[in-house]
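Presented below is the structure to which this report refers.
Read the figures in this text as sums done on the coordinates, not as results from a lab. Quick caveat: nothing in here was measured; it's all calculated off a predicted structure. With ideal geometry, Cβ positions are generated from the backbone for all residues, glycine too; neighbour counts draw on all protein chains shown.
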Amino acid sequence: MIATVARKEFRGALRDGRVLAGACVLLLLGLVALASAGARYASLSSERAVAQALIQEQWTEQGDKNPHSAAHYGIYAFRPALPLSFFDPGVLAYEGVSIWLEAHKRNFPAGRPADDMTALARFGELSLGFVFQALVPLGLLLMTYAAFSSERESGTLRQVLASGVTPAQLFAGKFFGLGGAALLLLAPLLLLCLGALVYTSGTTWLPAALVLLGACIVYAALVLLLALTVSARASSSQSALLVLLAFWAVVTFVVPRIAADLGRILQPTPTLGEFQRGVEADLATGLDGESPAARVEKRRAQLLQLYKVEREQDLPINFQGIVFGIQDEVSNAVYDKHFGMLERAIDAQVDVFEAASVLSPRMALGVISQEVAGTSLQHQRYFERGAEAFRRTLMDILNRDIAMNSKSGQANYRAGPGLWRQTGEYRFEPEPLSASLARCAAPLTVLVLWFAVLVGASVATTRRLQVLAT
Amino acid sequence: MSTAMLRQELQLLRREGLAPWALIALTLLLVAAALNGRALLGVQARTAAALEAEAAETTLALAAQAGRGVATAISPGVVGYSVLNKPVVLPAAPLGALAIGQAELLPAWYPVTARGPHHFLARNEPDNPLRLAVGNFDAAFVIVWLLPLVVIALSFNVVSAERERGVLALALAAGSSPAGFILGKVAARALLLFVSLWLALLAAALAAGVPLGRAAGALPLLLWFTGATLYAAFWFALALFVNSRPRASDQNAGLLAGAWLVLVVLLPALTHLAATTVFAAPSRVALTTELREASESADRAAAAARDQYFFDHPEMQGGDPDRSAYFRSVAESELSVATAMAPLLAQFEVQARRQQGLVEVLQFLSPGTMTWQSLTALAGSDGARHREFRGQTLAFHERWSAFFREPLLSGATLTPVAYAALPRFEFDEPPLVSTLPRVLPALAALLVLSLLLGAVSVRRLRRFPVV
């Protein structure tokens, strides 16, 4: 019986001109989003790869130099554009794309794309993620809001139930029929997206894309369940529509904004001034109460004793290389502390945001989408930490070269391309999908909870289904 | 429309329950959004004040040290290129807390030094990118996104419900004209909403700390009221237009919701997409590599002085070595890099203006975009005020930089008198009249659109089928 109802709903939806028109509009918007994001991805991808190669070339061809001058010259790490960013750009526009890796300092990423956008960017961007996570659910609501209510108003619900079908079978039939029709109508766009992904980046990102697709389908099913339940309970089609539209607007636009700003009010982000003052104070005194100068003196005494000499110039190594190493040890610890504090403050804000996703499954889906697409805050952190690890290794190599290959006081010491090549090349390796999924436990739980609640609500509704219009 | 009819309509709305709750929710949301905006911008104001106080304290200390002949304090190189940061601050705009817009994204202060502008122009406050990507909950958001939904909730069935219940036929039988009867119902709803909106906006302005007693606050706020009112009027006119065809109430609601989606969500997003695609900003990545090329070629000339300086690291070693050769090399290379970078940085400015120009044309496609552009322009957060700030900062930087570069190159030293003559910065606020060309056309277009829709609807209602 469920299959019969599903077939009828499926055919009815595909014959409905409004549904077909809506699907065409969604398809068109999806194509616009796909074309613009695809072009942007291709341009960013090649641009950053070229820039990284150019920076590396500048590094290896910087000529003979003192290694510490080279350390101050530094190198840049660029964050490559990942293929699924064309689906969900996530936070990419609001994070810098390059980091200057230089001596003694951990710099913030620079070159935030949002700085070069119009004020309308704050209005929202048309991305494929937005189409699938906001517009498709809206389309489902508009397609479904009258599924029960209009049949009740016209009296056909009574006739259908009199034919022997139970309310639960009718509900399940409508769910599968309308869901199947929606899936069929969106199939061209979905296939086009998957085709574009495979064409541009092979099959590496296909598993992530399928997870993303699965999450979107779960959310769409959840919306469908909600719409059918509301339609079955509402006193009229009009009130069903109003309730569903209000729900959609609130969970899509209102709750995320309130939650995001509430997080900032509850846990303010340290300002750049506070951050810099904290770093400067700790650099001057050292974290463990021992100043960098005192550390240097202690190490100097240890080395003089070890090599049984009385003057720094008599050491077989260049003590200045050791000094740079000590300064880096201190500054690394200080930056770890302050970047840690900054990250904890932002994490606390994100926690508020994720907690609020209990009220808005759309937010939970957004978190999953950004994680799987590699465009989340955590992916940005992964890039920053990788770049910082490279910086530290680079500085270690340069400091060691000074210490081992020159003598104390030899300010005119120069190193050449051999050393610049020895420092290696910065390469970004994206996080594996498993690491991204591991961070999705909370939002997945929210989606499952919503699903469970809605299944419960739909069962309860079908048990007490009102057959006649009031 | 008679007063009795108006009173009766208002009573009906009160009894229906939806209208009072919708209006209370709108008021609460507006006030909460204004408080939120005030809290967010308050952080910027406190930060700026602390930075200015700190810089003033540092300057005083340096002046005192210069009086005692301390080497670092009398050296224009050390002070200008290494020690002294002049925080150049953009004060909060009077209506800033009502529309955050670009105000949180673009820097509200620049740490100006004698070094090139590329050092300070690219700085950003650390922030939660997820929050920035989601967008702010401010009064402009409530007006542009949520106010239409309240209008739709109040008026989507203004004709259809009367028709479905048979009240329209009864009213006409009692002698009312269809247009007069329906316009009366719409007018009652509009009046109720406008009065509630004005009261809510006044409460929001007070909550946001808008200086109502000063012209700088009151005049733009008056235009804000006008913009919000015209925007609401447009949605009432659109609801009337949709109702002027005999359709079921749920169909009307669906149509109006679709219109909201297109006008408030899709068209602004497409306008933004068009502006950033047609006039794409120059690449920040390319800027980075260009900057590096320019720095490298400028630094080659100064390589020997750099090597010695970085190798000695006098600021980390203590002591008081002569660093003037190093700072002269810095001054020369900074000037050379700044000269090389100026045309590239100007390209960003040019593209930003072109993007803005295109948005100002395309805004007429959507009342949502028009209202957003007007509200953010009046609040000083549409990017134009920041561009002005950036321009004034660059002009100030020229003076600040020359103040240190000239004595450095001539071998002169800084004295307490010189510290007293340090260039000062005060943002020269553009007058409201300079914002009006970005606001008035949009408000006029909203008015014309509302009148047109209203006129067409009235014409249609004259021939409206009662049953």
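Using θ = phi - 60° and the Karplus curve 6.51 cos²θ - 1.76 cosθ + 1.60, what whole-Hz ³J(HN,Hα) does each residue of segment B:435-447 get, with Gly and Pro shown as x?
Values per residue, Gly and Pro as x: 8, 4, x, 8, 10, 4, x, 5, 5, 5, 5, 4, 5 Hz.
Under a 5 Å amide H to amide H cut-off, with H placed in plane at 1.01 Å, what residues pair with A:Leu101 once short-range neighbours are removed?
A:Ile75, A:Tyr76, A:Ala77
Just in segment A:306-407: which GluC sites (Glu not before Pro) are loop by DSSP and have at most 13 other Cβ atoms within 10 Å? Don't skip to the end; give the middle numbers.
On the way: sites: A:Glu310, A:Glu312, A:Glu329, A:Glu343, A:Glu354, A:Glu371, A:Glu384, A:Glu388; in loops: A:Glu310.
For GluC sites (Glu not before Pro) across segment A:306-407 that sit outside H, G, I, E and B with at most 13 neighbouring Cβ atoms in 10 Å, the list reads A:Glu310.
Which residues' amide hydrogens lie under 5 Å from the amide hydrogen of B:Val112, considering only partners 5 or more residues apart or on another chain, with H built in the peptide plane?
Residues meeting the amide H criterion: B:Lys86, B:Val88.
Using only Cα atoms, what is the ratio of the radius of gyration of the protein assembly as shown to 2.2 N^0.38 Å? Each step should come with its number before you reach the end.
Numbers: Rg = 32.2 Å, N = 937, 2.2 N^0.38 = 29.6 Å.
Normalised by 2.2 N^0.38 Å, the Cα Rg of the protein assembly as shown equals 1.09.
Reachable lysines from A:Lys174, Cα under 27 Å, same-chain residues fewer than 8 places away excluded?
A:Lys8
So if the hydrodynamic radius of chain A is defined as the Kirkwood radius over C-alpha pairs, what does Stokes-Einstein give as its diffusion coefficient at 4 °C and 1.567 mPa s, in µm² per second? Show your work: numbers first, answer last.
Details: Rh = 26.1 Å.
Rounded to a whole number, D works out at 50 µm²/s.
If one computes P(r) from the Cα atoms of segment B:364-467, what percent of pairs lie at distances over 21 Å?
Working: 3305 of 5356 pairs.
Beyond 21 Å sits 62 percent of the P(r) for segment B:364-467.
For segment A:373-470, take the convex hull of the Cα atoms, compute a quarter of its surface area, and give me that in nm², please. The partial results should precede the final answer.
Numbers: hull surface 46.7 nm².
Reported value for the Cα convex hull: 11.7 nm².
Helix B:303-312 against the longest principal axis of chain B: what's the angle in degrees, Cα atoms only, rounded to the nearest 10?
Approximately 90 degrees, to the nearest 10.
Can you give the three extents of the C-alpha atoms in chain B along their principal axes, from longest to shortest, in whole Å?
100, 42, 35
Return the lysines within reach of A:Lys298: Cα separation strictly under 18 angstrom, same-chain partners fewer than 8 residues apart disregarded; answer none if there are no such residues.
Cα-Cα hits under 18 Å: A:Lys308.
Taking every Cα atom in segment B:315-436, find the radius of gyration and the maximum pairwise distance Dmax, and write them in Å.
Here Rg and the maximum Cα pair distance are 21.1, 66 Å.
By how many degrees, between 0 and 90 and to the nearest 10, does the Cα long axis of helix A:319-356 differ from the longest principal axis of chain A?
Rounded to the nearest ten degrees, it is 10.
Once you put a point 7 Å from the Cα of A:Glu329 and another 7 Å from the Cα of A:Thr4, both along the Cβ direction, what distance in nm separates them?
8.2
Kindly give the semi-axes, whole Å and largest first, of the ellipsoid equivalent to segment B:37-135, taking each as the square root of 5 times a Cα gyration tensor eigenvalue.
On the way: eigenvalues 216, 45, 18 Å².
Square roots of five times the eigenvalues give 33, 15, 9 Å.
Helix-only mean residue ellipticity at 222 nm, chain A, DSSP H runs n ≥ 4 weighted -39,500 (n - 2.57), per residue, nearest 500. What is it? Can you show the working numbers first?
On the way: 18 runs with 319 residues, N = 470.
The helix-only estimate for chain A comes to -23000 deg cm²/dmol at 222 nm.
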